[in-house]
Each structure stands twice: as C-alpha cells, then as structure tokens.
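The values are calculated or read from the model by the stated rules, or taken from the named source; none is laboratory data. A quick note: this is a predicted structure, and the numbers were derived from the prediction, not measured. Positions of Cβ are generated from backbone atoms using ideal geometry, with glycine treated the same way; all protein chains shown enter the neighbour counts.
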Amino acid sequence: MSAPESADSRQQPEKISLPRTSESESLKKIRHTTSHVMAMAVQKLFPKAQVTIGPWIENGFYYDFDNPEPFAEKDLKAIQKEMVKIINRKLPVIREEVSREEAERRIKEINEPYKLEILEGLTEPITIYHLGEQWWDLCAGPHVENTADLNPKAIELESVAGAYWRGDENRAQLQRIYGTAWETPEQLAEHKRRKEEALRRDHRRLGKELGLFIFADPVGPGLPLWTPKGTILRNTLEDFLKQEQIKRGYLPVVTPHIARTDLFRISGHRQKYGEDMFPLMAENETDREADRGFVMKPMNCPFHIEIYRSQLRSYRELPMRLAEFGTVYRYEQSGELGGLTRVRGFTVDDSHLFVTPEQLDSEFLNVVDLILSVFKSLQLKNFKARLSFRDPSSDKYIGSDEAWNKAEGAIRRAVEHLGMNYFEGIGEAAFYGPKLDFIFQDALEREWQLGTVQVDYNLPERFELEYVAEDGSRQRPVMIHRAPFGSLERLIGILIEEYAGDFPLWLAPIQVRLIPVGEDQLPFIQEVAAKMRSLGIRAEADTSNERLGKAIRNAEKDKIPVMAVVGAKEVESDSLNIRTRASGELGAIPVAQVIERCQGAIANYTNF
C-alpha cells in the first residue's frame, strides 16, 4: 500500500531548477507512481515477494517487501530495467473506489496478508490504484495519469535496507528498497551531486575521522561517547553560552538525572509522553503495577519548577532565570536513531524564566536577542522563524483557551516588533504552550529546528506556582522555556556538516599545531605551545617525528585551523611560518603577533 502524503527539507546552480519535495505536487505524483512501478517490477521478477507500504518521501520513494531471499545489488539493476519496460508501455494509472468486502475479496484472491491488515485501518470507500489492468495496490494517491508521464532517465534505485513491519521490531523483518525520481535527468544529476556532498559532510564519518565521538555496542545505540577532542568542542560551546547567560542575569542550577514518576504526572509528561520515557525503575512489584517509582528524566522543566517553588518568591526576585546544561533521556526506537541528530541521551541548554505578566514581552524579546546573538557567533545565517501554535481541533493540549491565547499573543507581538520573517505552524506547539522555533537551513538545504522559545501559562497553574505581588497578593508567574542550541548533540552534528569539519578557530578542538622541520626545533615548538596554552590557545607541538610533508598533510587532514612550520630560521628570529585553512600561506610572523592574532580571533569568534 502507498501511504498518504507527508513532508519532511548553498545556493543552487543557476541553470537547474530543483523543486523541493514539500513544494512540488508534480514531484509527489511522480514519486508515488514510481514507487508503484517499482513494486510491480519486483513482483514480476520475484513472484514470491509481497508488498506492504510504499510512500513518496523527501527526494524519492520506497517500498517495503517481504521476500524469501535478500535483494542484492544486481537485483536493483534488474528491477530498474524492468521499471523502464513498464514505463515505456504507457500504462494508464486508474483510480477505483470499492467496498471493504470487495477489497477483502480481491486481496484474498492474490493471497497478500499484509494488505488485509492494512485494510483493517482504512475507512470506506476503499481506494485502489491500478497500473493498466495487471497490477494494483490499496492507495490514497496522488499519482500521474499514465506511466508515460514518468521519465525513466530521471529515476534511479539507490539502496536496500532492513525494516520492520509497522515499525515493530517484534514483527516481520522486511526489505526496503529506496529510489529517487525527478522530472528531468538534470535534476537527478543535481540530486546525486548533493548526495555526494552530503557524504563528504556526513558528521558520522567526519566525527570518526576527526576523533570527536564514537558509538559502542556494549554501551548501547543512541548513546554517544565523547573523546577528548569532542569534549573540548562540547565544553567550548557550553562555556560560550554560559558566559552569554551570565552577562544577561541567568542563574546556574544542576538537577538529577532521575526523578519520581509523580513529578512528571503533575507536569503532564507521563500522560503525554509515557511511551517515550525510559522504563520505570520500581523498588517492588506493587510500585511497578501502580506506575510508581523512578524514571530517567525526559525534560528539565519540572526540576527547575521545584527549585522555584522551594520557597515563597517576591515580585522583587522576578524575573528569575534558571539555566542548566541538563542531559535528558528519550526512549527512541532503534530504527529512528541517526548519528548525533537523533539519540537517546542528549544535553539541552535549558533555561526557565519565571516572570510577571508585565515582564513577559520584554523578557521574551531578550531571549530572542540571545538566540540571534548565538546564531551570529556560530555563523548560522539561513534561518526562519516558525510560530508553533496549537491546533484548536486537537485534544492533545492542556490548559484553558484564555491561557493559550495570551501565550500565542505574546509570541506574535515579539516577532512583529522585531520585524522577523516568520510563518505559523498550526499543531506544532508543545502540549503545554506555544513556541517560537528557529528553523535553520544547512549547506545542503536541509532544515533543522535549533533554538526554541516557549511561553507557558499552564505548568505554573499545574504546579500552583506563586509570587507575592507588590500589593501583597499571591499571583501566578508566567514561564518562558528556552534553548538557543536545542540539543547540544544535534547542534554539533549540524555544525560538523555545515563547516564540513572545518571549524572556525574559536571552536576547533586543536587551534594551532606547531610542526618542526627537524628534531633540533622540538624544544622551541614545545615551549611556544606551552606558552600558547597558558594564554588560552589550544596549541600542540607535533612530536610524531614524521617527515615534514607527511606532518603537514596530517595537519590538513585533521583540519587544524592554524599550522606553524618551524625551522632554524624561525627559531633564530622567534617567529612562526604560518599557514591557515582560511587564508592559506601567510609567511613568517613573530610569535608574539601570532599569539595576539589568535587571541583576537578567538575573542571575536572569527578566523586567524
């Protein structure tokens, strides 16, 4: 069965118009129809193969098959040749509506049990799409009118992967064939170029090559281990934001990694996200049956709330801005994990501001200013703002209409005051409040959610938070949830790919590498490296005893921003022969000047 529609996202070459999947109805139809053509070809060549689902996806399509034998690379080539034959037959794509009983009868005729299970979840009328008179599948569309509308030179099968039926690892293991389809061969060529560029920038490959992080089976999937270099990168980002926060009046806190389930019941997380939380840790069976005990925290906000309400607060203490780099845990399915961008344990640059209603607008603007400052320092320029509001027709949200209207109004006033380019995302709100999300477009035109700001009237109500107002009355504060980075792990993955591993000087784990021409220069470079480190520059002396050419190539491979080659002449003149990744050869520069320029670049978040 083909699934219903869904959508996920540097400058393109001038001559190629490459529509985005989310914007092109034509591409949706092409890809959906091509998935059917592929399934028809598979069942022609492999009569025992049963089809399950086959949707269009970003940049292509896939179909899941239950086939007795694994598909090999040569099989993909054979399937693609058969697809060309089907397309060239110019088969009409015919939509038909049938009753449930008729659909069930037809499915039993061809003996495809997966279709029967799919049928159970469909409402009448049941829609079927035919390719000519020979092949059909349950499907909601959309499709082109004829296979002649497909360009076989703009289609390519790409890979085979494993998949579980219904995404359940306890059910049948299927084979998923991925393909891509476009309107023209030129678009296909551009897609392949981008795929190659994506492989070059892949943070999983670069993270391993640059020695930043690893994953280990004995530890578990989705749980990255940070090496010394990677930890330096993390710490640099943390220190950068902590310094910005201190300037803006944030107060640091630290909270535990586990808590009682009752805490998350009050907040609503247990009810809304129970399946995404790590399994309960109970001291006895009675507690387990009653869903009492401890869980790994999926969110930091309830902990910060408890710190706030540990004593009665005065209006004079507000706004109170509590900040923490807090690690949280989500029980993501193993098939959904992907490098650093989707993990089970991740660190959020979390802060919760407790403000009076009168302070809300100004504090919200200050938070946005902080996020924009962070993006500027990270050289992240291509982003847009999404106003993530609730869907009034959904029952997944908590709180009154009045509270939601107030919160959404505050966000809208802020973006309009700032003159920001924004769009509204109805249904994208958190269950307890609306958000302003910053959607970043990377060098490959993929979109990622990074910074987020949320206005929340509901959790203060659920936790009965109060402060003593100027007139002596007890009032509810408003909460602002904010995270400029979002997930630190995801941010680092995105930065690795955005920079292609070429970090700006201030972020690079190793900022300067000093390379001696011979052993006689070792004492000098070790002394200079030590002096640099004492002044806050991450420098190292190359003591590998490699030949000069090999040592230089190693520094280039490691993407060291500043490389200093030192021979007898440099020792005598107390200088360094500088080569940078950003500007190339700079020649001999006195050591004192190199240090001064490094310090200036680091302080200003620029390159040497």
Exercise for review: Output the number of residues of region 181-213 satisfying the condition of being out of contact with any His (no Cβ under 9 Å at 6 or more places or on another chain) and either part of a loop (DSSP other than H, G, I, E, B) or of a type in the set (Asp, Glu) (or both).
Suggested key: 10
Check your understanding: Quick one: is GLY451 assigned to a strand (DSSP E or B) and farther than 21 Å from ASN366 by Cβ?
Key -> no
Practice item. Report yes if GLU445 is closer than 16 Å to GLN379 by Cα, modelled with pLDDT under 95 and charged (D, E, K, R), otherwise no. Key: yes
Review point. In region 363-395, how many residues are assigned to a helix (DSSP H, G or I) and among the hydroxyl-bearing types (Ser, Thr, Tyr)?
Key: 2
Check your understanding: Hey, any hits in region 531-538 for a residue that's over 29 Å from GLU244 (Cα atoms) and either in contact with a Leu (Cβ under 6 Å, 6 or more places away or on another chain) or outside the structural domain of LEU380 (by TED's automatic domain parsing) (or both)?
Key -> no
Exercise for review: Could you check PHE383 against (1) surrounded by 18 or more Cβ atoms within 10 Å (Cβ to Cβ); (2) within 18 Å of the chain's Cα centre (by Cα); (3) modelled with pLDDT of 90 or more and say which number it fails?
Suggested key: (3)
Review point. Listed residues LEU535, LEU514, LEU507; which is among the hydrophobic types (A, V, I, L, M, F, W, C), modelled with pLDDT of 95 or more and within 28 Å of LYS195 (Cβ to Cβ)?
Key: LEU507
Review point. Given the conditions (1) crowded, with 17+ Cβ neighbours inside 10 Å; (2) among the hydroxyl-bearing types (Ser, Thr, Tyr); (3) closer than 24 Å to TYR432 by Cα, which single one is not true for THR341?
Key: (3)
Exercise for review: Select from region 170-197 the residues that are β-branched (Val, Ile, Thr) and within 26 Å of the chain's Cα centre (by Cα) and write down the one among them that is surrounded by the most Cβ atoms within 10 Å (Cβ to Cβ).
Suggested key: ILE177
Check your understanding: Looking at ILE232, ILE177, which one is farther than 22 Å from GLY338 by Cβ, out of contact with any Gly (no Cβ under 8 Å at 6 or more places or on another chain) and of a type outside the set (Asp, Glu)?
Key -> ILE232
Practice item. Return a yes/no flag: does region 499-516 have any residue that is in a loop (DSSP other than H, G, I, E, B) and over 19 Å from GLY211 (Cα atoms). Key: no
Review point. Which of the residues belonging to region 313-331 are of a type in the set (D, E, K, R) and either surrounded by fewer than 16 Cβ atoms within 10 Å (Cβ to Cβ) or in contact with a Leu (Cβ under 6 Å, 6 or more places away or on another chain) (or both)?
Key: ARG316, GLU317, ARG321
Review point. Is it true that GLU358 is outside any strand (DSSP E or B) and either farther than 21 Å from ASP471 by Cβ or among the small types (Gly, Ala, Ser) (or both)?
Key: no
Review point. Residues in region 41-64 that are among the hydroxyl-bearing types (Ser, Thr, Tyr), assigned to a strand (DSSP E or B) and farther than 17 Å from ALA181 by Cβ: how many?
Key: 0
Check your understanding: Taking region 454-486 as the search range and keeping residues that are among the acidic types (Asp, Glu) and not in a strand (DSSP E or B), which one is farthest from the chain's Cα centre (by Cα)?
Key -> ASP471
Revision key, fill the gap. ALA216 passes all but one of the listed conditions (1) farther than 26 Å from LYS74 by Cβ; (2) part of a helix (DSSP H, G or I); the exception is number (2)
Practice item. Run down SER388, SER362, SER377 and say which single residue is touching a Ser or Thr at 6+ places or on another chain (Cβ under 9 Å) and small (Gly, Ala, Ser). Key: SER388
